[in-house]
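Any read-out appearing in this document is the output of simple, stated calculations on the displayed coordinates, not a laboratory observation. What you see is a predicted model; the values in this text were computed from it and never measured. Note that each Cβ is placed from the backbone with ideal geometry, even for glycine, and that neighbours are counted across all protein chains shown.
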Amino acid sequence: MLPPLLFSTIEVTRQAFHRTALSFAIVNLKPLVPGHVLVCPTRPVPRLTDLTPAELAALMLSVQRVGRAVERAYAADALTFACQDGRAAGQTVPHVHFHVLPRKAQGDRFAGDDVYPALERAEGELAPARTHEPLRVDAEEDRQPRALEEMEREARWLAGFVEGEGGSSTGA
């Protein structure tokens with residue numbers, strides 16, 4: 001039995017679709033675009049510089065692998081990767097994480113760099129929670145928090161795409 005996954009203090013095992021010894025990927029509670037996911041190191045540390053070289057390498061390999069899988073799964077033309085490293089950069093959950101967003105040349109919700117202010121607002125909606133409390137979110141008109149069951153379904157579906165990338169995955 002694998003140990004539970006924590007995103008800071010938030011238990012996210014059921015939202016995970018990719019897992020290695022040193023990293024994992026989860027679907028997003030309030031995605032900015034379909035397929036917006038997070039890739040995190042297994043050890044919850046607040047800053048990129050807190051990672052060991054092995055953790056950083058594993059994290060970046062997972063970002064790459066998950067990015068390819070998400071791009072394929074959502075028929076995207078490109079990807080946006082973002083990491084807010086520290087409170088002053090907009091990070092509100094003190095656990096290193098990369099946002100991976102599939103982007104489309106036609107029909108994308110955002111034009112080019114317009115996604116970054118939205119990411120900053122979205123990051124501000126999350127607050128560290130104790131494991132027994134629900135994640136707190138603001139009520140942004142078009143992005144409501146998703147039900148756990150919906151996130152689990154997406155995680156199981158995405159796990160198949162990551163497996164196709166040659167990596168271990170889990171729909172735990």
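Here are the numbers for this structure:
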item: Residues with amide H under 5 Å from that of Leu6, placed H, sequence gap 5 or more; result: Val12
item: Debye-sum result for the range 1-61 in log10 I(q)/I(0), which assumes one identical scatterer on each alpha carbon, at q = 0.14, 0.28 Å⁻¹; result: -0.39, -1.26
item: Cα-derived Rg over Rh, computed across the range 14-107 with Rh taken as Kirkwood radius; result: 0.96
item: 3J(HN,Hα) from dihedral phi, the range 3-13, Karplus parametrisation 6.51/-1.76/1.60, rounded to Hz, x for glycine, proline; result: x, x, 9, 10, 9, 6, 9, 9, 6, 10, 3
item: Sequence of Asp108, Asp50 once ranked by neighbouring C-beta atoms within 10 Å, starting from the fewest; result: Asp50, Asp108
item: Those residues of the range 38-57 whose amide nitrogen sits under 19 Å from the label point placed on Ala21, 7 Å along Cα→Cβ; result: 40-45, 51-57
item: Per-pair calculated FRET efficiency, R0 = 35 Å: Ala88 and Ala57 via Cβ, rounded to 0.05; result: 0.85
